[in-house]
Every structure is written in C-alpha cells, then in structure tokens.
Amino acid sequence: MSIDFENFETTMTGELDKAIVHKPVTGFFADNNLRAKFVGGKTVLIPEMSFSGLGDYDRDTGFVSGTVSVTAEPYTLKMDRGRSFQLDREDNDETGIADLAGQVMGEFVRTQVVPEIDAYVLSKLASLAAGKAQTVEGTPETDAYGMLMEAIGKVQNAVGYDEELVAFVDSNMWSALQQSGDISRMLVASDFAKGELNTQVKSINGVSILPTPDSRMKTAFTFNDGVSENQVVGGFAPADTAQNIGLLVLPRRAASLVKKTEKVRTFDPAHNLNADAWKFDYRVYYDLFIRNSMENAIVAYIAS
C-alpha cells in the first residue's frame, strides 16, 4: 500500500492551517484579513480608506465637494518561520506513517507554532500601546475591575460604544477578577467565534475576557533562528528588556493576523537524500497588521 502524497500533504496542511486559527488565543484576528490580497510570496495588500468630513449643504450651490481615498497599502510579512523533521524508516512502516506524521506535526503546531504566534501578536499590540502611552495603572490584586473598566472606557472613548471589544488578561489579573464576589457575578458566558469554530468565553458588559498564559504576555521576545549560537533550539523566549503584560484591551477588528501556510512537503526514505527516514518540511509566513484608524484604541497595563 502506497501513500497518495499529494492528497496527504493537502489534507495535513489544511488541518494545520485550521489549528493556527482555532488554537491561538489571538487566532480570531485572522477573521479580519478577508480583504487582504497576496502579491507575491510575502507581500500583502490591505485596503485603507480615508474621507473628507461633512460640510454645509447650500440650497443654491448644493453639495460641497469632498474626497474619498481608497488605497491598497503593501505590507511585507515579517515572520518567515519553518522547521524540518525526520522520522526514521524503522519507526513506522508506510501504512502507518500518515497517522504518525499527523500526530507529530499536530503536536508541533500545538506546542510550538501556536504559542509563538500568540507571543508575537500580543507583544506587537502591547508595544504599540506602551509607545503611545495608552496605558492604565493600578494593583491587580485590589484594583482589577477598576483597571479593566478604565481601559475599556479609554478604548470606547477612542472608537465609540458600538465596537466589539476583547480583553486579554494574564493569570494575575484573571485570578483577581474571579476572586471578587461582586465581579465574578458579572462574568457571564458568551459566544465567541474563531473562523468557523464557535466557542464560549466569559465576558463583562459585552467585552470578551480572554485569559492568556503568562509566557505569552510579554512586551518583547527573541524569535530564535535555529542556527546561531544559543538559538539552535529554535522557538522564542522573552527578550532581556521584556515587561509583563497584565491587561490588553482593544476592538476585535483593530488588527489583522495575515498568514500564509505553505504546503507541508513530504519525502519518503527513497527520496530523502540525507537519511533513511521520512522527511517533513513545515513553513509558515505570518504577521499582524494594525488598522491605522484604530492605533489609538489599544490600551494596556504593563506590569513593572
């Protein structure tokens, strides 16, 4: 029995691609990239619109002329990441390699790719908020609810009260919100969509609360190249200058997670020139692009 490699690669890539939307805490940002258009391998065009404001209508001369500008801004995806894996021929025969490869690559995406995407996205959002001094202060243990409401108020003041908001919280902030009896009674279950997957999250006053592992809530990371000294293990780690993100509030549609997953390439032992093993190459391009009109609507609490 032989493997239909073309169908196998396509199926595996499709499942891993879905996992990148469903598994990350930030995966829902991929729902905002529907109008993005790739031109080449790593460049994407994202439409931006700007308008003239209203003017007075004159009964004799009519309407005041205005302008509307629709531009397709080119952005280059910064994160070009990949890894190659080998499974020795003796670890599995051809009839069972599909299941084993699916388990290996699925676990790789869950434990390595998903946390990295979250870390990159959250650090980029928090760095922008900190750089523009869009922050709140306080002590989560005693002021968690007040800090959250202040951040929500700042975001709503910037974009209005009809935007769907999300709030990423670290373990300390999440614990403080739940430990207060008054606040915990305000937390209600609500629907939350990630692609075609519908989940339930806790929310306060319509704002979805998204608890996030502390390891992903940092302002800066080093993304290892897998080759340099001290970076051979690959993956990512907090930068020396990193600070903790305790809270991050923004409109759901403030940013777009644009990704382009290449097909998982598969080589059987007969075509693997390096070893008597099955070889699997995984590669993904991704980046986060923040809407210009919503840069002032991202508010963070950066712990010292």
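Every number in this text was worked out from the coordinates using simple rules, so none of it is lab data. Bear in mind that the values here come from a model prediction, so they are computed numbers and not experimental data. With ideal geometry, Cβ positions are generated from the backbone for all residues, glycine too; neighbour counts draw on all protein chains shown.
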Open item on the list: To make sure I understand, if each residue's beta carbon is the centre and we count other beta carbons within 10 Å, what order do Met173, Met217, Met186 fall in, fewest to most?
Closed with: Met186, Met173, Met217
- [ ] Calculate the all-directions average of the projected area of the range 40-88's alpha-carbon convex hull, and give it in nm².
- [x] 5.9
- [ ] Among Tyr161, Tyr286, Leu248, pick out the residue whose Cα is farthest towards the positive end of the charge dipole of the range 5-303, where Lys and Arg carry +1 and Asp and Glu carry -1 on C-beta, about the Cα centre.
- [x] Tyr161
Open item on the list: As a test of the formula, what do you get for the chain when each DSSP H run with n ≥ 4 contributes -39,500 (n - 2.57) and the sum is divided by the residue count, at 222 nm and rounded to the nearest 500 deg cm²/dmol?
Closed with: -8500 deg cm²/dmol
- [ ] Compare the peptides 203-214, 224-235 by average per-residue count of other Cβ atoms within 10 angstrom and give them in order, highest first.
- [x] 203-214, 224-235
- [ ] Counting other Cβ atoms within 10 Å, keep those with at most 11, restrict to DSSP loop, and tell me which chymotrypsin sites (Phe, Trp or Tyr not before Pro) in the range 80-185 are left.
- [x] Tyr161
Task: Cβ-defined net charge surrounding Lys23, 10 Å radius [Lys, Arg +1; Asp, Glu -1] - done: +2
Open item on the list: Longer than 29 Å from Cα to Cα, which of Lys194/Lys279; Lys202/Lys259; Lys194/Lys218; Lys18/Lys154 are they? Say none if no pair is.
Closed with: Lys194/Lys279; Lys18/Lys154
- [ ] In whole Hz, with x marking every Gly and Pro, tabulate ³J(HN,Hα) for the range 108-118 from phi via Karplus 6.51 cos²θ - 1.76 cosθ + 1.60, θ = phi - 60°.
- [x] 4, 5, 5, 9, 10, 6, 4, x, 5, 4, 4
Open item on the list: Could you compute the longest span of the chain free of trypsin sites (Lys or Arg not before Pro) located in DSSP loops and having at most 10 other Cβ atoms within 10 Å, not counting the site residues?
Closed with: 60-184
Open item on the list: Tell me which GluC sites (Glu not before Pro) from the range 51-141 have a DSSP coil assignment and no more than 13 other beta carbons within 10 Å of their own.
Closed with: Glu94, Glu137
- [ ] Take the Cα radius of gyration of the range 119-253 and divide it by 2.2 N^0.38 Å, with N its residue count; two decimals is plenty.
- [x] 1.15
Task: Unit charges on C-beta of K, R, D, E only; dipole of the range 5-303, Debye - done: 540
Task: For the range 5-303, alpha-carbon Rg relative to the globular expectation (2.2 N^0.38 Å, N residues) - done: 1.18
Open item on the list: Relative contact order for the chain: what percent, with Cα pairs under 8 Å and sequence separation of 6 or more?
Closed with: 26
